[in-house]
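The structure under discussion appears below in the form of structure tokens.
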């Protein structure tokens, strides 16, 4: 199949790519541009680990062809932090312990960012509905909802246990939260070694 030249704006940088007509946007982002913060998981649009913004709207990049994104603006998790400062949604995810393994976190943050752009003060139910297409196998979603509510300026109030039950005292930030909320956490699927063979 002959490749097609496309120009695509990703995170405010223009790229000229030569892609197969059936190449997905997630594969172009990850394999051609090295932006591995966008995760590839189900490849069927079921989990939203690959969520990015296309002209400001959240899309599942495994379902969008790279040629369809030509001439449009794409924003990935790598493009949210500016001048070394986390986006408020990224900051809220880090502060509210919303990333455990972190694989779904970039897609969850991109979905949350789009949700808050459309509805800056959502209710908890609206947040739950807004992220219903994003799958997380670790958290049970409570901390994710906490983070999105905090990013909207409406932190949920949790009842602290009585002081006699506080064993440690207070929660400390995860040492790996920055890597997870920016999409820089390393996963085996993101690694590229010379001569490496892949199987799917």
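Could you work out the relative contact order of the chain? I mean the mean sequence separation of Cα pairs under 8 Å and 6+ apart, divided by the number of residues, in percent. The partial results should precede the final answer.
Details: 330 pairs, mean separation 43.0, N = 200.
Relative contact order here is 22 percent.
Could you compute how fast the chain diffuses translationally, taking Rh as the Kirkwood radius over C-alpha pairs and applying Stokes-Einstein at 10 °C with viscosity 1.306 mPa s? Give it in µm² per second.
Numbers: Rh = 17.8 Å.
It diffuses with D of about 89 µm²/s by this estimate.
Hey, with R₀ at 35 Å, roughly what FRET efficiency would residue 137 and residue 197 work out to, going by the Cβ-Cβ distance, to 0.05?
Details: r = 27 Å, r/R0 = 0.79.
Efficiency, rounded to the nearest 0.05: 0.80.
Evaluate 2.2 N^0.38 Å with N set to the residue count of segment 58-105, then give the Cα radius of gyration divided by it.
Numbers: Rg = 13.6 Å, N = 48, 2.2 N^0.38 = 9.6 Å.
This ratio for segment 58-105 stands at 1.42.
For the chain, what does -39500 (n - 2.57) per DSSP helix run (n ≥ 4), summed and divided by total residues, give at 222 nm, in deg cm²/dmol to the nearest 500?
Values: 6 runs with 49 residues, N = 200.
Value at 222 nm, helices only: -6500 deg cm²/dmol.
Could you sort 176-182, 3-9 so that the peptide with the highest average Cβ count within 10 Å comes first and the rest follow in order? Walk me through the numbers on the way to the answer.
Working: 176-182: 20.7, 3-9: 14.9.
Packing order, densest peptide first, comes out as 176-182, 3-9.
Per residue, what volume in Å³ does the convex hull of the Cα atoms of segment 4-79 enclose?
Values: hull volume 5.5 nm³, N = 76.
Roughly 72 Å³ of hull volume per residue.
Specify the residue with the greatest mean-square fluctuation among 184, 40, 132, computed from a Gaussian network of the chain linking alpha-carbon atoms under 10 Å apart.
In the Gaussian network model the winner is 132.
Every number here is computed from the coordinates shown, using simple stated rules; none is lab data. Please read all numbers here as calculations on a predicted model, not as lab measurements. Glycine also receives a Cβ, built like all others from the backbone with ideal geometry; neighbour counts cover every protein chain displayed.
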